[in-house]
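Heads up, the thing below is written out as structure tokens.
The values are calculated or read from the model by the stated rules, or taken from the named source; none is laboratory data. Keep in mind that what you see is a predicted model, and the values were worked out from it rather than measured. Positions of Cβ are generated from backbone atoms using ideal geometry, with glycine treated the same way; all protein chains shown enter the neighbour counts.
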Amino acid sequence: MRWCAVPGSFHASAYSGLAFTTRDKDPDRALVYAERAIDLAERLGATGPLVHALNNAGIIRMGRGEDAGRDLLVRSIALALQEGLGTDVGRGFINLASCLGQLHRWTDVMDVVVPGIEYCREHGLEAWTKSLLGIRGEAELALGRWDAAAETAAGILAAPRDQILAPRLAALIVLALVRARRGDPEHRPLLDEARQLVQGSDELDTLFMVAAARAEVAWLEGRPELIAEETDEAFTLADRVGDGGVAGELSIWRRRGGLSLKVPSGALEHHRRLLTGDWAGAAGCLRDRGSTYDAALALTDSGEPEALREALDEFRNLGARAAEAIVARRLRELGERGIPRGPRARTRANAAGLTSRELEVLPLLAAGLRNAEIADRLIVSPKTVDHHVSSILRKLDVRTRGQAGAAAARLGLTQTDSADKGVTAQ
């Protein structure tokens, strides 16, 4: 049943509309409206208002970091699919993917945008498709799939312009960051256009996207003194409306710019860890979510040689030349020697871009050894092996240890390295 086909469903729609209009400024009140709408729509059997209200409640709860919010959004999508409410299906995919992105759960984002794009294309929902493509580009960037991210962003920017701001803004930022991180030119014009698009806006999400990107580029360019100015407007707005996720992310960049800041209320776990000096814990959180580049940034904040060397390896594997140069310089300033000035010979020699340590782990992994056994063999901690195994699976683009062994064999990455270490299959 659709929006107002059921007697009395107007009231459920009205409550859901109030939830939508107050969601950003007063989420507590909006959640009350959304839950009233859900209760009324369920009693009336009014599917349309129920789908809309579930969307609103899900967004609010996910913004608070509550897992129940995801369940509400998934239910909204399922009901919309069941009733053939195409635009509501598309909106549900977009909202779920956006919320997951705000939580830095990028692998989960990809699990949402892939079927979402397929559905929206099949049903001629061009605007929804474009929005999901923009989110996919952000996820690809965060997951270290920079060639794919640049391709997605370029495709959006090559399309005719329209009135939909978010996809173009995301594409400008994604392409700018890929170029800046790789040390390539022509990233500033993209960032300048992005800033022009949000001038005069009071939408925190878009202001934040631009502020965070420009802060990172200022840091990569060796001009951290610009970070405060680049982030002031978005940070002030986030603090005023109580958006801890945005305030937490910007606080990290502002600290990298030399400012001393407290941990914002509602900040995400990796924000809290970084701002309280637990850079290793923050890096672990980010790795678990597939954000290898951000994990390496967290290690960079430590100032400790061992962590900096690990960050250097990660940046080199990603082709993040700008950050690599910063870390290498810091290591030399600490008196560290033997800092390589290019990719390690072993890393250059394999198509997957595995580090020398990962090339030691891979044959043991392929031979069926457990992580604890690999740790004993290589005389490292099991936690370190966990990290290397996760990195290997990501770089080989596989999900299981067996698939990693098969992929390594196809690429010729096991035989030579196994012989080097005297490892045989068991």
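Can you tell me which residue within region 360-376, out of those that are assigned to a helix (DSSP H, G or I) and surrounded by fewer than 16 Cβ atoms within 10 Å (Cβ to Cβ), is modelled with the lowest pLDDT? Across region 360-376, the extreme among qualifying residues is Asp376. Taking the conditions exactly as written (in a helix (DSSP H, G or I), touching a His at 6+ places or on another chain (Cβ under 9 Å) and closer than 26 Å to Ile252 by Cβ), does Ala194 satisfy them or not? The answer is no for Ala194.
For region 145-162, enumerate the residues that are touching a Gly at 6+ places or on another chain (Cβ under 8 Å) and either of a type outside the set (Val, Ile, Thr) or touching a residue at least 24 places away in the same chain (Cβ under 8 Å) (or both). Can you show your working first?
Taking region 145-162 and keeping what is touching a Gly at 6+ places or on another chain (Cβ under 8 Å), we get 146, 149, 152-153, 156.
Result: Trp146, Ala149, Ala153, Ile156.
Report whether or not Val89 is surrounded by 15 or more Cβ atoms within 10 Å (Cβ to Cβ) and within 14 Å of the chain's Cα centre (by Cα). Steps first, please.
Numbers: surrounded by 15 or more Cβ atoms within 10 Å (Cβ to Cβ): yes; within 14 Å of the chain's Cα centre (by Cα): no.
Spelling it out, it is not the case that Val89 is surrounded by 15 or more Cβ atoms within 10 Å (Cβ to Cβ) and within 14 Å of the chain's Cα centre (by Cα).
Of the residues making up region 283-316, those that are out of contact with any Ser or Thr (no Cβ under 9 Å at 6 or more places or on another chain), surrounded by 24 or more Cβ atoms within 10 Å (Cβ to Cβ) and without any contact (Cβ under 8 Å) to a residue 24 or more places away in the chain are Ala295, Leu299.
How many residues does region 67-98 contain that are in a loop (DSSP other than H, G, I, E, B) and in contact with a helix residue (DSSP H, G or I) (Cβ under 9 Å, 6 or more places away or on another chain)? Summing the residues that are in a loop (DSSP other than H, G, I, E, B) and in contact with a helix residue (DSSP H, G or I) (Cβ under 9 Å, 6 or more places away or on another chain) in region 67-98 gives 1.
The set of residues from region 390-403 being within 17 Å of Leu143 (Cβ to Cβ) and part of a helix (DSSP H, G or I) comprises Ser390, Ser391, Ile392, Leu393, Arg394, Lys395, Leu396.
If you check Asp294, Asp278 for being of a type in the set (D, E, K, R) and more than 26 Å from Asp397 (Cβ to Cβ), only one passes: Asp278.
Could you tell me which residue of region 52-79 is modelled with the highest pLDDT, considering only residues that are farther than 16 Å from Phe20 by Cβ and of a type in the set (Gly, Ala, Ser)? So the residue we want is Ala78. Among the candidates Glu306, Glu310, Glu333, the residue that is modelled with pLDDT of 90 or more and touching a Leu at 6+ places or on another chain (Cβ under 7 Å) is uniquely Glu310. Residue pairs whose Cβ atoms lie under 8 Å apart, sitting 6 or more positions apart in sequence or on different chains, and linking a residue in region 18-34 that is without any contact (Cβ under 8 Å) to a residue 12 or more places away in the chain to a partner that is part of a loop (DSSP other than H, G, I, E, B), do not occur here. Would you point out the residue of region 384-393, among those that are within 20 Å of Gly281 (Cα to Cα) and in contact (Cβ under 8 Å) with a residue 24 or more places away in the chain, that is surrounded by the fewest Cβ atoms within 10 Å (Cβ to Cβ)? Among those residues, the one meeting the criterion is Ser390.
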